[in-house]
Amino acid sequence: MIFFTLVALSTILLAMATWIGVRALERAYSAGGELIEVEGGTIHVVDIGPKDTAGPPLVLLHGASSNLLTMRLPLGDRLAQRHRVILLDRPGHGWSRADREKATLAGHGRMIELALQRMGIPPVILVAHSLAGALAVRMTLDHPERVNSAMNEFLRLFSSAPMTGRKVPHDTVVNGHTMRAGEILGVFWGAGNFDPDYIDRPFEVDFQRPNARNTTFALGPHMCLGQHLARLELEAMLKVLLEVIPQYSLIEEGIVAAPEVASIFGYAKVPVRIG
Ligand code: HEM
């Protein structure tokens with residue numbers, strides 16, 4: 001009996017000591033930023049640096065068992081001298097709270113995405129440390145429009161597979177056009193990339209679009225299954241190309257379109273002037 005009483009008392013004492021310790025730490029390190037309620041919890045965000053710079057804002061994601069200060073003290077404050085820097089406590093860390101069922105990379109990525117949307121933040125450059133690397137990759141795959149604006153804009157302007165054929169399964173009317181069962185249609189989803197109902201200012205090149213989407217990988221149930229791999233390959237290709245020839249200009253009169261290859265569109269020759 002005495003043993004159980006002692007165990008119960010020590011448990012209560014430990015719980016009280018933890019509670020007092022947590023309150024003391026919270027007072028010593030109060031949340032310095034905004035607490036944004038999102039589905040699945042709360043995200044603590046600190047937004048520093050000039051808001052009117054030309055480049056995209058930088059979002060710094062801290063690593064395991066730490067909080068936004070580990071990104072702010074060595075890096076964030078210095079970057080904020082020239083850039084808008086958004087620091088956040090990852091869900092379940094620092095002042096950010098997360099429901100247990102959201103404790104997956106996809107769940108945390110979605111919460112951060114929702115918080116950035118609430119703040120009206122345009123596409124960003126994600127900078128991730130240590131364990132947050134996996135979170136940054138998940139966010140890039142799940143919310144490509146958030147982190148990939150330049151690539152999305154390239155993909156929008158140049159659909160390499162802009163159309164395909166489809167067989168009409170039964171008589172139907174689309175936008176006043178009657179289509180009979182068995183007819184073959186050309187479906188030009190690449191045209192959506194220049195449709196003002198789908199994208200604002202379609203004929204402007206803008207790497208900072210707030211909603212940088214495209215129809216290049218098609219839409220709906222047959223949307224390209226390999227689009228994430230395709231994006232990675234395109235990014236790797238661009239990176240290497242720019243490392244090898246950082247300065248170049250096109251020799252437009254020498255450009256030759258690829259010969260007919262069904263619905264795929266590309267070039268056989270793209271000569272450039274280096275330097
Ligand atoms: C820039 C590169 C790519 C572009 C522009 C592209 C574009 C497309 C488009 C427009 C479709 C829809 C076709 C349709 O509905 O008839 C599609 C489907 C598909 N793509 Fe891609 N793709 C690319 C790269 C890749 C890669 C690298 C893979 C595989 C690793 C891939 C795998 C697939 C598959 C499996 C489908 C069929 C999905 C389905 O019907 O459910 N694609 N792609």
(request) Name, by its number, the condition in (1) touching a Lys or Arg at 6+ places or on another chain (Cβ under 8 Å); (2) modelled with pLDDT of 90 or more that does not hold for LYS102. (result) (2)
(request) Could you list, in sequence order, all residues of segment 164-194 that are within 16 Å of the ligand (Cβ to nearest atom), assigned to a loop (DSSP other than H, G, I, E, B) and not aromatic (Phe, Trp, Tyr)? (result) VAL168, PRO169
(message) Anything in segment 227-265 that is within 16 Å of the ligand (Cβ to nearest atom), more than 28 Å from the chain's Cα centre (by Cα) and either over 27 Å from ASP197 (Cα atoms) or of a type in the set (Lys, Arg) (or both)? List them, or say none.
(response) ALA258, VAL261, ALA262
(message) For ASP206, only one of the following conditions fails: (1) within 11 Å of the ligand (Cβ to nearest atom); (2) surrounded by 11 or more Cβ atoms within 10 Å (Cβ to Cβ); (3) without any contact (Cβ under 8 Å) to a residue 60 or more places away in the chain. What is its number?
(response) (1)
(message) Quick check on my filter: what residues within segment 115-139 are closer than 24 Å to PRO74 by Cβ and assigned to a helix (DSSP H, G or I)?
(response) ALA115, LEU116, ALA132, GLY133, ALA134, LEU135, ALA136, VAL137, MET139
(request) State all residues of segment 209-226 that are more than 6 Å from the ligand (Cβ to nearest atom), surrounded by 15 or more Cβ atoms within 10 Å (Cβ to Cβ) and not hydroxyl-bearing (Ser, Thr, Tyr); if no residue qualifies, say none. (result) ARG209, ALA212, ARG213, ASN214
(message) Can you tell me how many residues within segment 31-48 are touching a Gly at 6+ places or on another chain (Cβ under 9 Å), surrounded by fewer than 18 Cβ atoms within 10 Å (Cβ to Cβ) and small (Gly, Ala, Ser)?
(response) 1
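Quick check: anything in segment 212-235 of a type in the set (Val, Ile, Thr), within 22 Å of PRO122 (Cβ to Cβ) and modelled with pLDDT under 90?
Checked against the condition, which is being of a type in the set (Val, Ile, Thr), within 22 Å of PRO122 (Cβ to Cβ) and modelled with pLDDT under 90, segment 212-235 yields no hits at all.
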(message) Filter segment 239-267 down to the residues that are touching a residue at least 40 places away in the same chain (Cβ under 8 Å), of a type outside the set (Phe, Trp, Tyr) and not in a strand (DSSP E or B) and list them by number.
(response) SER263, GLY266
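The values are calculated or read from the model by the stated rules, or taken from the named source; none is laboratory data. For clarity, every value in this text was computed on a predicted model and none was experimentally measured. A quick note on method: Cβ atoms are made from the backbone with ideal geometry, for glycine too, and the neighbour counts reach across all protein chains shown.
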